[in-house]
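A.B. asks: This is the structure I want to talk about, given as structure tokens.
The values are calculated or read from the model by the stated rules, or taken from the named source; none is laboratory data. This is a predicted model, so every value here is computed, not measured. Note: ideal-geometry Cβ built from the backbone for every residue, glycine included; neighbour counts use all protein chains shown. Accessible surface is based on the protein model in full, side chains and every heavy atom, while ligands, DNA and RNA are left aside. Shrake-Rupley method; radii C 1.70, N 1.55, O 1.52, S 1.80 Å.
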Amino acid sequence: MLNKNQETFTLTWKFSMPSIRLFVEDDLSFGSVITLSRPQTHYLVNVMRRRTGDTLLLFNGRDGEWKTELKKIRRDACDVKVVDFNRKLVIVPDIWLVFAPIKRGRIDFVAAKSTELGVRVIQPILTDYTAVSRVNEERLRMNAIEAAEQCGALTVPTIRSTIKLSKLLADWPAERKLIICDETGTAPPIYKALENTSSTKEWAILVGPEGGFSESEFDQLRQCVSFIPVSLGPRILRADTAAIAALTCWQSVLGDWHSDPKIKQL
Ligand code: SAH
């Protein structure tokens, strides 16, 4: 039995606690019942100490964000019922991050940070000097989902299968502008390069591996007219820093940082 003080505390805490947001694959509509996964149930019940009757937000990247109520808790699953609509779907700008994978911990960092920065597609590539031979796309997706849940995003970036840079360039869609992060000191500053662009809607940012692009790769990249080489300043950035810096510049010049970023109180 809770004494008066404990009761007040619980009530206050209950109504002031931030809403938990979870990503689900299920369709979301008024009255639907969703069964959460074992990891989601563990997080909700054992880590966040939620109980039946508590509420949380669900989103699936298609139907916007819905308020749900925790209905039934079982050992390794729980059911939540959709009780109210919370926010309509907002899609991030059409910006891809194309990058040569780096060591494990930092590649997870890039997946999470680029999700927070509103990337739509993450495309790992293999280049002449790429140090990593394969990428765990599923782990990248888990990092992206967790970042989307925490930052209030209503979509999760698509993590594409890793392909060779040469294959990517061979099939590159002419209407999508490719920003090449070029540390050789010959490219214009990124802000200058972006300010003078047309009203292109489809964009991508390409970042090389720790060892940079090879000469033949640079030749290939400089041949394509829709490619835009940019400098990220006078210092050589690590690949993960360059990815985040370039995305930040792009969002601030051409992206959705101009729109009113009112993300409703979560
Ligand atoms: N060739 C570099 C290492 C590559 S840095 C060296 O001499 O040590 C990894 C990637 O980050 C590069 O391929 C490039 O895409 C990007 N990058 C790093 N610093 C940059 C800068 N100042 N301007 C533009 N791109 C940069």
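A.B. asks: Test of understanding: among Gly233, Gly208, which residue is within 16 Å of the ligand (Cβ to nearest atom), open to solvent by less than 70 Å² (accessible area, probe 1.4 Å) and on the phi < 0 side of the Ramachandran plot? First the steps, then the outcome.
C.D. replies: On the way: Gly233 fails: on the phi < 0 side of the Ramachandran plot.
Criteria check complete, one pass: Gly208.
A.B. asks: Mind listing just one residue for me: the one in segment 212-230 that is open to solvent by less than 30 Å² (accessible area, probe 1.4 Å) and not in a loop (DSSP other than H, G, I, E, B) and, of those, nearest to Ala112 (Cα to Cα)? Show your work before the answer.
C.D. replies: So in segment 212-230, the residues open to solvent by less than 30 Å² (accessible area, probe 1.4 Å) come out as 212-214, 217-218, 221, 226-228, 230.
With not in a loop (DSSP other than H, G, I, E, B) added as a condition, the list becomes 217-218, 221, 227-228, 230.
On the way: Glu217: 28, Phe218: 28, Leu221: 27, Phe227: 26, Ile228: 25, Val230: 24 Å.
Filtering first and then ranking leaves Val230.
A.B. asks: Can Ala144 be described as hydrophobic (A, V, I, L, M, F, W, C), in a helix (DSSP H, G or I) and in contact with a Leu (Cβ under 8 Å, 6 or more places away or on another chain)?
C.D. replies: no
A.B. asks: Looking at segment 195-203, is at least one residue of a type in the set (Ser, Thr, Tyr), over 22 Å from Asp240 (Cβ atoms) and open to solvent by 60 Å² or more (accessible area, probe 1.4 Å)? Show your work before the answer.
C.D. replies: Initial filter on segment 195-203 (of a type in the set (Ser, Thr, Tyr)): 197-200.
This time we only want the ones that are over 22 Å from Asp240 (Cβ atoms), so: 197-200.
When the remaining residues are screened for being open to solvent by 60 Å² or more (accessible area, probe 1.4 Å), the result is 198-199.
Taking every residue of segment 195-203 in turn, at least one turns out to be of a type in the set (Ser, Thr, Tyr), over 22 Å from Asp240 (Cβ atoms) and open to solvent by 60 Å² or more (accessible area, probe 1.4 Å).
A.B. asks: Considering only segment 78-87, state which residues are surrounded by fewer than 21 Cβ atoms within 10 Å (Cβ to Cβ) and more than 26 Å from the chain's Cα centre (by Cα).
C.D. replies: Within segment 78-87, Asp79, Lys81, Val83 meet the criteria.
A.B. asks: Restricting to segment 244-259, give me the number of residues that are away from the ligand (no atom under 16 Å from the Cβ) and part of a helix (DSSP H, G or I). Even if it seems obvious, please write down each step before you answer.
C.D. replies: First, the residues of segment 244-259 that are away from the ligand (no atom under 16 Å from the Cβ): 251-252, 254-259.
Filter again for part of a helix (DSSP H, G or I), leaving 251-252, 254.
Residues in segment 244-259 being away from the ligand (no atom under 16 Å from the Cβ) and part of a helix (DSSP H, G or I): 3 in total.
A.B. asks: Would you confirm, using the coordinates I've provided, whether Asp171 is in contact with a helix residue (DSSP H, G or I) (Cβ under 8 Å, 6 or more places away or on another chain) and free of Cβ contacts under 8 Å to residues at least 40 places away in the same chain?
C.D. replies: In short, no.
A.B. asks: Also, quick follow-up: Does Val156 fit the bill of being open to solvent by less than 40 Å² (accessible area, probe 1.4 Å) and within 25 Å of Gly211 (Cα to Cα)?
C.D. replies: On the way: open to solvent by less than 40 Å² (accessible area, probe 1.4 Å): yes; within 25 Å of Gly211 (Cα to Cα): no.
Spelling it out, it is not the case that Val156 is open to solvent by less than 40 Å² (accessible area, probe 1.4 Å) and within 25 Å of Gly211 (Cα to Cα).
A.B. asks: Considering only segment 31-66, state which residues are of a type outside the set (S, T, N, Q) and in contact (Cβ under 8 Å) with a residue 40 or more places away in the chain. Before you say what the answer is, go through the steps one by one.
C.D. replies: Taking segment 31-66 as the starting set, the residues that turn out to be of a type outside the set (S, T, N, Q) are 31, 33-34, 36, 38-39, 42-45, 47-51, 53-54, 56-59, 61-66.
Answer for segment 31-66, where residues must be of a type outside the set (S, T, N, Q) and in contact (Cβ under 8 Å) with a residue 40 or more places away in the chain: Gly31, Val33, Ile34, Leu36, Asp54, Leu57, Phe59, Gly61, Gly64, Glu65.
A.B. asks: Filter segment 178-205 down to the residues that are more than 10 Å from the ligand (Cβ to nearest atom) and within 15 Å of Ile236 (Cβ to Cβ) and list them by number.
C.D. replies: Within segment 178-205, just Thr186 meets the criteria.
A.B. asks: Mind listing whichever residues of segment 37-73 are over 17 Å from Gly152 (Cα atoms), among the acidic types (Asp, Glu) and open to solvent by 40 Å² or more (accessible area, probe 1.4 Å)?
C.D. replies: Glu69
A.B. asks: Please work out which residue is modelled with the highest pLDDT, limiting yourself to segment 207-266 and to residues that are over 13 Å from Thr184 (Cα atoms) and of a type in the set (Lys, Arg).
C.D. replies: Arg238
A.B. asks: Turning to a different aspect of this structure: Is there a residue in segment 101-120 that is over 14 Å from the mean Cα position of the chain (by Cα), open to solvent by less than 30 Å² (accessible area, probe 1.4 Å) and touching a residue at least 60 places away in the same chain (Cβ under 8 Å)? Break it down into steps so the answer makes sense when it comes.
C.D. replies: Of the residues in segment 101-120, the ones over 14 Å from the mean Cα position of the chain (by Cα) are 101-106.
Now narrow it down to the ones that are open to solvent by less than 30 Å² (accessible area, probe 1.4 Å): 101-102.
Next cut, touching a residue at least 60 places away in the same chain (Cβ under 8 Å) only: 101-102.
Yes, there is a match, as at least one residue in segment 101-120 is over 14 Å from the mean Cα position of the chain (by Cα), open to solvent by less than 30 Å² (accessible area, probe 1.4 Å) and touching a residue at least 60 places away in the same chain (Cβ under 8 Å).
A.B. asks: Look at segment 194-211 and say how many of its residues are of a type in the set (A, V, I, L, M) and assigned to a loop (DSSP other than H, G, I, E, B). Give the steps one after another, and end with the answer.
C.D. replies: Applying the first criterion (of a type in the set (A, V, I, L, M)) to segment 194-211 yields 194, 204-207.
With assigned to a loop (DSSP other than H, G, I, E, B) added as a condition, the list becomes none.
Of the residues in that region, 0 qualify.
A.B. asks: What are the pairs with Cβ atoms under 8 angstrom where one residue, in segment 201-229, is touching a residue at least 12 places away in the same chain (Cβ under 8 Å) and the other, located anywhere, is of a type in the set (Gly, Ala, Ser) and more than 8 Å from the ligand (Cβ to nearest atom)? Sequence gap at least six, or different chains.
C.D. replies: Pro209/Ala131; Glu210/Ala131; Gly211/Ala131; Gln220/Ser166; Ser226/Ala174; Ile228/Ala193; Pro229/Ala193
A.B. asks: If you don't mind, there's one more thing I want to ask. I need a count of the residues in segment 118-141 that are in contact with a strand residue (DSSP E or B) (Cβ under 7 Å, 6 or more places away or on another chain), part of a loop (DSSP other than H, G, I, E, B) and at pLDDT below 95.
C.D. replies: Total meeting the criteria: 1.
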